[in-house]
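See below for the structure under consideration.
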Amino acid sequence: MTLLSQINVTVNQSVTVTVVAEDPNNDTLSFSIIGVLPTDAILLNNSNSITITWNGTMEQVRKIELNPR
């Protein structure tokens with residue numbers, strides 16, 4: 001398992017983070033988010049990846065952790 005420990009966001013700039021995972025046995029993957037995403041974050045999920053897009057405002061800048069399992 002790899003943890004994404006930090007995402008640097010410039011205030012009022014859009015940031016997109018995509019995490020892609022593979023299972024050698026083609027088992028179904030699930031992703032979880034630890035913590036609370038900002039209310040205007042867009043979360044897209046498919047069978048082998050998760051993408052978060054967010055336009056960070058000064059009031060919303062906080063740490064986001066992704067945890068594929």
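Here are the numbers:
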read-out: Count of residues meeting criterion [in contact with a strand residue (DSSP E or B) (Cβ under 9 Å, 6 or more places away or on another chain), open to solvent by 40 Å² or more (accessible area, probe 1.4 Å) and closer than 22 Å to G56 by Cα] in region 22-36; value: 3
read-out: Top-ranked residue in region 10-45 [being assigned to a loop (DSSP other than H, G, I, E, B) and within 10 Å of the chain's Cα centre (by Cα); ranked as modelled with the highest pLDDT]; value: A41
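The values are calculated or read from the model by the stated rules, or taken from the named source; none is laboratory data. Just so we're clear, the structure is a prediction, and the values are computed from it rather than from any experiment. Using ideal geometry, Cβ is built from the backbone for each residue, glycine included, and neighbour counts are taken over all protein chains shown. Ligands, DNA and RNA are stripped out before the accessible areas are found, and what is left, the full protein with its side chains, is counted by its heavy atoms. Shrake-Rupley method; radii C 1.70, N 1.55, O 1.52, S 1.80 Å.
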